[in-house]
Amino acid sequence: MAKTFVVFDFETVSACDLKVSGASAYAEHPSTDVLCLCFKVGGQQPEKWVPHHDSNDRLISLIRAGAVFVAHNAAFEKSIWKYIMVPRYGFPPIPLEQWHDTMAVCAMRAVPQKLDAVVRTLNLPGEKDMAGSRFTISLSTAYRKKGEYDRSKEALDRVVAYCHKDVEEQTLLHYRMGWLPPGERKVWLMDQLTNERGIGLDIPYIRACQKIITDTMTPLAAEFTSLTGLSVGQNAKIISWANGRGMALENLRKETIDDLLGSEDEEPDLSDNTEVRMPWEVRRALTIRRMIGSSSVKKLQAMDRVTNSDGRARYALNYHGTAPGRWAGRLFQPQNFPRPILHYDDPKFSDQEKADLVVSVLRTGDAEFVRGVFGDSFSAVITGLRHAIQAGKGKMLVAGDYAGIQARVVLALAGQHDKAAIMAAGKDIYCDMASQIYKRPIDKKRDPEERHIGKNAVLGLGFGMGAKKFFDNYCEGKGLEFSFIEHVIKVYRNEWAPMVPRLWRGLTTAATKAVWNPGTAYSHGPITYKVIDKWLTARLPSGRLIWYFDPIKSREAMPWDEFDIRASFTFKAWKNGRMKEVKAFGGLLTENVVMGIERDIMVDGWTKLEAAGFPVIMNVHDELVCEPDAAMADHKVMEQIMSDGPAWAKEMQIPIAVEGWTSPWYRK
DNA sequence: CGGCAATGCGCC
DNA sequence: AAACGGCGCATTGCCG
């Protein structure tokens, strides 16, 4: 691309906390202002723009000339431009097509997104001016605490020096990483369009829910403290407190506590259970903790904080936040809203009517009333959490999700088309699997337990899980023999989907060869591995690449036999805030590729929806949510658009089915 | 006080 | 023969 590019970086000051509010709400906050903008045109010397000191002309002519503005985390620079530079300082808007984000490239290539971390990872010369960074941040901290900050020339010079250094660093990063490839450039532009639209949040509803939580929690939290002397979050201390009262507890995980207290709201029948002789105060404390310990209601506060004055939260989705290419959630993590936990199975009500009822009752903000209607106000709020996302005026939410997509993709990719066809025909695949396990016909109504084993097998065994893990994950307290689980695993691998283990093997072999012979391409089916630069890449059927950083050939003993040592490789991945070595193996490689294919199917649907007048506002990996005009809101249309998968998916014989809903508020 | 690691929990 | 993976956030508790 022989276009002029301008690497640029703002330093700002504000009484608003960027980490708490997110880029968009931060930029809109009235106290937020630009300290300086540093920019570097191509290989030229860095330049600066300081409000009220420097002329706008230079930047305006760059914008008019169609220069590309390169930022690291463009969401921030774009937001400052939109909310401050245009209205306050009279600059013209910069069209979306004139932005580029080095962070997006880092995300795609599976290296850290944080500037200082990626500079270290790639061994780029120089380093981030941490002292300058701290100094700049300290201005905002002072502003927040004392209502004023150091506006001296010396302070500004220090900030400008830091900003110059950052721009130099970002320029090196841009030279090292380059642009997004054309396909991903289109995806990123679509991502930005979606993130700019934002997610509509019903703030009065959110505040009513918060009031219910406060009113419900305050007395219970006080009771907990008077019983234990602790708060509900102090897990380690709660455990030793309980242990000190003769109640042995290993952890406070939900499952452990449910087993102890009984999984329903009622007290368990103690006459039936001689092992559990729990002191009443321990029982009461654990019951309270179970009721109010869920931190998912903290989303309410987060949603409130990050929402712009027009009622929309922006940049809550992070392009390519995961290595295989899925989006990651930010700010209030819109991708992990709890599923409804209120159980009212009244068949008179549809899911939509249930959602409507929950919203109208919660909107009162009256904890007593909510308890009267639903029994438990806390559970009601958790159930209603999703509904905080609402359609704008004259709009409607329409959603569609790809049914059973993971199982469909892994089976089709493996070439196990007989089983994929069963799913395509809409038959019960879990009963099919269970029938093969139990060697007799399994009926959904008559044999729910058997079918459940079949379901876990279909969903869980596609990526090489072994008997031990399967047993630990799905079989606790069910009285199943370990040898039976070994049988289940054997049936899946040898009888039900024998092509799938071949896929694990094939991908392992191809990827390992590619690492051991850099530059040469090795394929298994439609997947091709090849080392490019410092990365191993996997080419997916869509043509997109998945990237693995720093692959290194190794020899590894197999977990099932320490003397079975094979050619293998490791790579590095971002985990818990650092680059960690990861051992490659068949299940992992298969899962990455499958997730990548699912993502590309979703991107295909997303693209078609945008073209058809269904503006997308968010995705949850296999689910797209749109916000069209109410007049054209019809999930049947959406299902049709999404079901027509990409040409390459047809070629692979991936059966695609979509299930949707239409609603004024987000729901399951 | 902020940064960082560990733990727990929500989703696909 | 055969190893589930991918995330973000809140909280505590420790460190400098």
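Taking the stretch A:610-665 as the region of interest, the strands (runs of 3 or more DSSP E) fully inside it that hold 1 or more residues being under 24 Å from A:G392 (Cα atoms), more than 21 Å from the chain's Cα centre (by Cα) and not β-branched (V, I, T) are A:658-663. Scoring A:I382 on the criteria (1) surrounded by fewer than 23 Cβ atoms within 10 Å (Cβ to Cβ); (2) in contact with a His (Cβ under 9 Å, 6 or more places away or on another chain) leaves a single failure, condition (2).
Against the definition (within 16 Å of DNA strand B (Cβ to nearest atom), touching a strand residue (DSSP E or B) at 6+ places or on another chain (Cβ under 6 Å) and of a type outside the set (F, W, Y)), how does A:V620 come out, yes or no? Steps first, please.
Values: within 16 Å of DNA strand B (Cβ to nearest atom): yes; touching a strand residue (DSSP E or B) at 6+ places or on another chain (Cβ under 6 Å): no; of a type outside the set (F, W, Y): yes.
Taking the combined requirement at face value, the residue does not satisfy it.
Within the stretch A:573-584, can you find the residues that are away from DNA strand B (no atom under 13 Å from the Cβ) and either surrounded by 19 or more Cβ atoms within 10 Å (Cβ to Cβ) or of a type in the set (V, I, T) (or both)? Those that are away from DNA strand B (no atom under 13 Å from the Cβ) and either surrounded by 19 or more Cβ atoms within 10 Å (Cβ to Cβ) or of a type in the set (V, I, T) (or both): A:V582, A:A584. Report yes if A:K237 is within 30 Å of A:P112 (Cβ to Cβ), part of a helix (DSSP H, G or I) and either under 28 Å from the mean Cα position of the chain (by Cα) or at pLDDT below 95 (or both), otherwise no. In short, no. Determine, yes or no, whether A:I601 is outside any strand (DSSP E or B), out of contact with any Asp or Glu (no Cβ under 8 Å at 6 or more places or on another chain) and away from DNA strand C (no atom under 12 Å from the Cβ). For A:I601, the condition - outside any strand (DSSP E or B), out of contact with any Asp or Glu (no Cβ under 8 Å at 6 or more places or on another chain) and away from DNA strand C (no atom under 12 Å from the Cβ) - is met. As a summary of the residue check, A:S31 satisfies the conditions (1) touching a strand residue (DSSP E or B) at 6+ places or on another chain (Cβ under 9 Å); (2) exposed (fewer than 15 other Cβ atoms within 10 Å of the Cβ); (3) of a type outside the set (D, E); (4) without any contact (Cβ under 8 Å) to a residue 40 or more places away in the chain except for the one numbered (4).
Restricting to the stretch A:512-524, and then to whatever is under 24 Å from A:H417 (Cα atoms) and crowded, with 17+ Cβ neighbours inside 10 Å, can you tell me which residue is farthest from DNA strand C (Cβ to nearest atom)?
In the first step, residues of the stretch A:512-524 are kept if they are under 24 Å from A:H417 (Cα atoms); the result is A:522-524.
Cutting the leftovers down to crowded, with 17+ Cβ neighbours inside 10 Å gives us A:522, A:524.
Working: A:Y522: 16, A:H524: 13 Å.
Only one residue tops the list, namely A:Y522.
Residues that are at pLDDT 90 or above and closer than 16 Å to A:L37 by Cα within the stretch A:121-136 comprise just one, A:T136.
The values are calculated or read from the model by the stated rules, or taken from the named source; none is laboratory data. Everything numeric in this text was worked out from a predicted model, so none of it was measured. Please note: Cβ atoms are built from the backbone with ideal geometry, for glycine as well, and neighbour counts cover all protein chains shown.
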